[in-house]
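Data block below; observations after.
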Amino acid sequence: MLRHYYIVDSVDELEIIEHELQSYGIDKSQIHTLSNNDQSLGKHHLYEVDNSLKKGLIKPGDIGSVIGIVFAISILLLTYIQGWYNGPLGGMPIIMFALMVLVFCTWEGDHIGIQLPNINSKAFKQYLENGKTILFIDVEQQQELTINKIMVSHPKLKPEGITTTTPEWFVLQQKKLRRLLK
């Protein structure tokens with residue numbers, strides 16, 4: 001999937017664009033808006049960016065998890081090599097300790113991530129400070145033409161770039177989950 005970024009001046013214009021995108025088959029889970037004024041997004045019923053995406057929460061949490069896994073495996077290997085699992089208590093306290101290290105590292109990674117802004121938020125910081133709104137649209141290859149047609153009809157919309165994003169299978173699972181919850 002590709003993620004298209006657009007800068008929008010007016011939240012009213014953004015609401016029109018979002019309705020057009022949905023009428024052309026772009027799912028609501030593929031449309032995200034980032035703004036410093038979340039209240040105006042709520043008034044216009046726009047799909048705002050999740051708080052975990054506003055902060056740098058996901059990547060540091062993943063890094064913390066990987067570090068925790070490495071430490072936990074190291075603890076378990078050291079226990080096995082040294083034969084400490086043959087003691088009077090067996091290996092259960094060591095396994096519990098390894099799990100605690102894993103959980104702690106993951107938690108600490110998330111804790112650090114909460115304090116950091118997301119990479120996308122850094123790139124658009126100047127626009128957000130000037131009161132603009134950022135529109136993210138995740139599109140599949142076959143939806144590219146549709147996006148281009150819609151965006152050409154909105155001259156106030158400023159294209160800001162394209163990056164790769166979430167795999168298509170993940171977005172399909174999100175759509176299925178939404179249908180299931182309805």
Out of the residues in region 84-94 meeting the condition of being assigned to a helix (DSSP H, G or I) and open to solvent by 80 Å² or more (accessible area, probe 1.4 Å), tell me which one is farthest from SER65 (Cα to Cα). ASN86
Return the residue satisfying two criteria in turn: it lies in region 116-173 and is open to solvent by 40 Å² or more (accessible area, probe 1.4 Å) and assigned to a strand (DSSP E or B), and of such residues it is modelled with the lowest pLDDT. PRO117
Here the residues within region 15-29 that are open to solvent by less than 30 Å² (accessible area, probe 1.4 Å) and at pLDDT below 80 are SER29
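The values are calculated or read from the model by the stated rules, or taken from the named source; none is laboratory data. Keep in mind it's a predicted model, so treat the numbers as computed, not measured. These accessible areas exclude ligands, DNA and RNA; they are computed on the full protein's heavy atoms, side chains included. Shrake-Rupley method; radii C 1.70, N 1.55, O 1.52, S 1.80 Å.
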